[in-house]
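J.: Pasting a structure below so you can have a look.
Laboratory data are not the source of any read-out in this text; all were calculated from the coordinates shown. Quantities reported herein were computed from a predicted structural model and do not represent experimental measurements. Positions of Cβ are backbone-derived with ideal geometry, glycine not excepted, and every protein chain shown enters the neighbour counts.
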Amino acid sequence: MTAPSTRSGYDSSKSRQKLDAHYASDQLHQSMNNLGSVYNSGDEIPLVPYDVPTGKSEFVYDVDPKLEREDPEIFRLLMDGYVVLPKVLSSAYISQVRRALDPILDETPFGRNDFEGLRTRRIYALMGRSKETYHLPMHPRVTRILDKVLLPNYLLSVYQAIQIYPGESSQSLHSDDSVVRIPRPRRFQMVATIWALDDFMSENGATVVVPGSHTWGAGRKPIPGKDRIIPLVMERGSVVVCLGTTWHGGGANVSKSSRLAVTAQYCEPYLRPYENHFLITPPALVPQLPKKLQSLLGYSVHKPFMGMVAGEHPLKRLDENGAGGVRWFEPGGQMVEDEQGSAPNGDSGAGRSKI
Ligand SMILES: O=C(O)CCC(=O)C(=O)O
Ligand SMILES: [Fe+2]
């Protein structure tokens, strides 16, 4: 066997070429450059013959009427498909977030298609770009609700900033969890939050929602003029919590100023998040993050085993430098050694303690 040419045991230039070839042939990767055509207009993924729709036209939430009095925010969320929490953020925190985002927005190009918005700047992978904003996805006013409507250890799916410029047209209406292969009508599998960092007005691109559309069955789409499509007019510092099944979209901006929002979207712990947070957040940073954020980023286990590393909780595998994981093996089963001639990650831990 020839000596490994790199620490991890493979020739990185060759593997890079292989990866590039793989990506070039990967239709989904190509579609990233044309996102509009893949997840546009809320189309649900096609049903296969054995996916039998329920036949029901609406999903009925089993909501105790007492909830209206006891927890009006969750009541409205389940009844309407969304709820606005007004003026949650202080002006000081909004300014801090804006100061962090402005220089990143300055270097962010407009979107590549109608869905991203040709007059809209999106900071993707925000968790890896700005530590000043990491409080938003774990804001207690939001997680209080998520803790009740999603399963424990729900995950952060998307974290991005969206700045809609004057001249932007309406985003096509969609539901965020239309990628889920369970026929509608069904329970939501994701929940989105949209934080208003500018006042949201009907003229400047406020998000629009279709109240009650979270109950709709497959095939039903909002019809302008027939269905109520309303702009979420709210003061800056407010947040809307919106079920993944609710039809909505970014509004057209016919004003003279831009509209800034940050969206944190969450999914059930058994789903794959839209963004790959293991690559976005440097592992070395993870041990310093608050527990809630670690869990949101996937350093958690959905019982019994989902998210494990070699039979253990992922945080047990992560040392204070963010190193951990398992030993790497070459295809023949030979362990790859690092420059010092020792196994890169120490003990594999396989078969050890329970999660
Ligand atoms: O920017 C907005 O108001 C909504 C954006 C949105 O729904 C999305 O990009 O999925
Ligand atoms: Fe959306």
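J.: What is the distance, in nm, between label points placed 7 Å from the Cα along the Cα-to-Cβ direction at ARG272 and at ARG141?
T.: 3.5
J.: Still on this model: Fewest Cβ neighbours within 10 Å first, please rank GLU268, GLU168, GLU320 accordingly.
T.: Ranked by crowding around the Cβ, least crowded first: GLU320, GLU268, GLU168.
J.: Return a whole-number percent for the relative contact order of the stretch 67-275, with Cα pairs under 8 Å and 6 or more residues apart as the contact set.
T.: Contact order relative to length: 32 percent.
J.: Same structure, new question: Within the stretch 191-205, whose backbone N sits under 16 Å from a point 7 Å along Cα→Cβ of GLU132?
T.: Answer for the stretch 191-205: 197-198.
J.: Among the trypsin sites (Lys or Arg not before Pro) in the stretch 60-159, which ones are in a DSSP loop with at most 10 other Cβ atoms within 10 Å of the Cβ? Mind listing them?
T.: Those that pass, being in a loop and sparsely packed, are LYS66.
J.: Let me ask something else about it. From the backbone phi of the stretch 202-214, what are the Karplus-calculated ³J(HN,Hα) couplings (6.51 cos²θ - 1.76 cosθ + 1.60, θ = phi - 60°) in whole Hz, Gly and Pro given as x?
T.: Values, residue by residue: 5, 7, 9, x, 3, 4, 10, 10, 10, x, x, 6, 5 Hz.
J.: Here's another thing I want to ask about it. At 7 Å along the Cα-to-beta-carbon direction for both MET308 and LYS221, put a label point, then send me their distance in nm to one decimal.
T.: That separation, rounded to one decimal, is 4.4 nm.
J.: Efficiency by 1/(1 + (r/R0)^6): what FRET value for ALA92 and ALA125, r their Cβ-Cβ distance, R0 = 25 Å, to the nearest 0.05?
T.: 0.45
J.: How long are the three semi-axes of the equivalent ellipsoid for the stretch 67-275, computed from the Cα gyration tensor as the root of 5 times each eigenvalue, in whole Å, largest first?
T.: Equivalent ellipsoid of the stretch 67-275: 24, 20, 17 Å, largest first.
J.: If neighbour count is taken as other Cβ atoms inside 10 Å, put HIS214, HIS135 in order from fewest to most.
T.: Fewest-to-most ranking of HIS214, HIS135: HIS135, HIS214.
J.: OK, next. Put a dot 7 Å past each Cα toward the Cβ at SER257 and GLU320; how far apart are the dots in nm?
T.: 4.7
J.: Here is a follow-up. In percent, what relative contact order does the stretch 95-161 have, based on Cα pairs under 8 Å that are 6 or more apart in sequence?
T.: Answer for the stretch 95-161 is 33 percent.
J.: How big is the charge dipole of the stretch 67-275 about its Cα centre, in debye rounded to the nearest 20, if each Lys and Arg gets +1 on its Cβ and each Asp and Glu gets -1 on its Cβ?
T.: For this selection, approximately 300 debye.
J.: Work the Kirkwood hydrodynamic radius out for the stretch 148-196: mean of 1/r over every pair of different alpha-carbon atoms, inverted, in Å.
T.: 13.8
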